[in-house]
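Structure first, commentary second.
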Amino acid sequence: MIEPTDLDLTLLDHIPMGFFVLDGDMRVHFWNKLLEGWTNIKQIQIVGKKITEFYPHFDLPKYSKRIQSVLRGGSPTVFSSQLHQFIIPIYQQNGEKRTQHTTVTSIQHEYLGTLALFAIQDVTDLSCSMKKYRRMRDQALNEIEERKKIELTLIKEKDKVEVFAAKLKLLSTIDSLTEILNRRGFDEYLTKEYRRAIREKKPISLIMIDIDFFKKFNDTFGHQAGDDCLRIVAQKLQSITRSSGDMLARYGGEEFAIILPDTTLHSAITIANRNRISIEKLAVKIPFVDKIQTITISSGVSSIVPDGSSNEETLIKTADLALYQAKLDGRNLVVSKTVLRNESSILQ
Amino acid sequence: MELNEFQHDALTEIVNIGVGQAASVLNDMLESHVTLRAPQIHVYSPADAKDGNKKFGDEPLSSVMMGFNGSLAGKISLIFPPESALKLVLLLTGEDQDSTDLDSLKTGTLNEVGNILLNGVMGAIANTLDSHIDFTIPIYTENTISNIIIDEAPRDGAIVLATVMFNVKAHKIEGDILILFEVDSLSSLLNALDHSNCKS
């Protein structure tokens, strides 16, 4: 039995690291105070005994070969905490093993020959704080990822809402029966085109159209036939309306309107007459009754080269007046009035 | 310093015995099977060390360095370009690239793997000499080759460079062992080699 006093390494009791010494037979010669505390094994219990009696893993080639090399006077050996979590298993309160970084160096002793000095650095707290730091970093990265996902979803939802809103807006300006612009769409379009006419100093014309004797048609053939009639007139007028910016709208009831940007009174009258003739030729088939009914329209045309002193209301009022005149004059007529000169002419 | 053909072959042989022992230690320890080879060595004078820059460039290199003193004196280090270092660590530990612990894994693992390799080589060198050699504890650093050589190379010594091929899971990774010998240390070693040759 070798006494601990054979090897005076008591200085190592004052260093906050675990130290122990093995000889060539893997017998323990020194076990410092810190190790006593960590392992609950007193130096007196372990000195002179083989380390493998207490820790059999020292027999594994991955430890023994390298320790033997140091015991032959070889260079220092490192057991990193990354490749070996520990060299001496030491448990924490939570049951987990402490993480150690161990360096084994050879020391020459006068009588004992070459010995291996194990210096164990406890890096548990270091690894723990690194793990904690990594967890926090991972958490932060995850949160960023989540936020990005939510933002992406929001953007998609916003796009959907915008598409929906555009659809709604479009629907709000379309007449559901005839599928042409409704009164609201008409107002918006006229305002826009009237402003453009002012800016570009170009004429703008308006044709107000009313189906003749529509009330009588409705009363005779029923509302279903009345709706059919409105649809057929709208479709016909739409099919012959120029695509260059002219816009057909249902103004209300059996009244239609055509906005004609960049169009003189003369051209507007020509268009109104062509429309009148087209409708006159149109034969409306009455559902459930084996009857074909002809219909006619009356039109009032107004035109203006706006200078900013007038507004689109005047254009509408003038066209309305012309339409009223056409009705008075016997229907199936086009009557025109220029806004500026306030003069009217009757054309057939 | 000029080596004759025999000395060159003997030194290459010693380095290969050393890396072979290191491979055996690594294979006891790791899941992955590792083979190591050092097919070529070169000897430079510190004045030629500029040539090092041609091979290694100015990038910082991962290195494990250990000093030795006694009948031979100097420093020995294992160096890797950072990417090779990381790749080697990943292959040896089986960790994946996304592991959040790469830096500490790299430092610890390379320190130990480098230590094993340097111990193998120094063990083989020490075996050819009968006298005792003292060693300092290995340290891991990241530095440029010029800093490694300028900071560490003895002015009148000699530098032995051995390229080590790691073969892990069909991947080949190259590292370099750099031995910086103090004045006359390489000559002592070569004398010992000549002597052992005469003995045999």
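Observations on the structure shown:
- Flag if A:Y111 is exposed (fewer than 14 other Cβ atoms within 10 Å of the Cβ) and either hydroxyl-bearing (S, T, Y) or in contact with a Leu (Cβ under 6 Å, 6 or more places away or on another chain) (or both): yes
- Considering the stretch A:65-98, the residues that are touching a helix residue (DSSP H, G or I) at 6+ places or on another chain (Cβ under 6 Å) and more than 10 Å from chain B (Cβ to nearest Cβ) include one that is least open to solvent (accessible area, probe 1.4 Å), namely A:I90.
- Scan of the stretch A:254-296 for residues that are over 51 Å from the mean Cα position of the chain (by Cα), open to solvent by 50 Å² or more (accessible area, probe 1.4 Å) and within 17 Å of A:M208 (Cα to Cα), ordered by number: A:H266, A:T270, A:R274, A:I277, A:E280
- In the stretch A:183-198, the residue that is nearest to A:G245 (Cα to Cα) out of those that are of a type outside the set (A, V, I, L, M, F, W, C), open to solvent by 30 Å² or more (accessible area, probe 1.4 Å) and touching a residue at least 24 places away in the same chain (Cβ under 8 Å) is A:Y189.
- Count of the stretch A:297-348 residues which are at pLDDT 90 or above and open to solvent by less than 40 Å² (accessible area, probe 1.4 Å): 20
- Residue tally, condition in a helix (DSSP H, G or I) and either within 11 Å of chain A (Cβ to nearest Cβ) or of a type in the set (D, E, K, R) (or both), over the stretch B:118-158: 12
- Scanning the stretch A:100-134 for residues that are charged (D, E, K, R) and within 10 Å of another protein chain (Cβ to nearest Cβ) yields a count of 2.
- A:Q45 meets all of the listed conditions (1) more than 14 Å from chain B (Cβ to nearest Cβ); (2) free of Cβ contacts under 8 Å to residues at least 60 places away in the same chain; (3) touching an Asp or Glu at 6+ places or on another chain (Cβ under 7 Å) but one, namely (3).
- If only residues of the stretch A:51-64 that are open to solvent by 10 Å² or more (accessible area, probe 1.4 Å) and more than 11 Å from chain B (Cβ to nearest Cβ) are counted, the one that is farthest from the chain's Cα centre (by Cα) is A:E53.
- Condition check for A:F186: of a type in the set (F, W, Y), modelled with pLDDT of 90 or more and at positive phi: no
The values are calculated or read from the model by the stated rules, or taken from the named source; none is laboratory data. Please read all numbers here as calculations on a predicted model, not as lab measurements. Cβ: placed from backbone, ideal geometry, glycine included. Neighbour counts: every protein chain shown. Areas reflect the complete protein model, heavy atoms only, side chains present, ligands, DNA and RNA absent. Shrake-Rupley method; radii C 1.70, N 1.55, O 1.52, S 1.80 Å.
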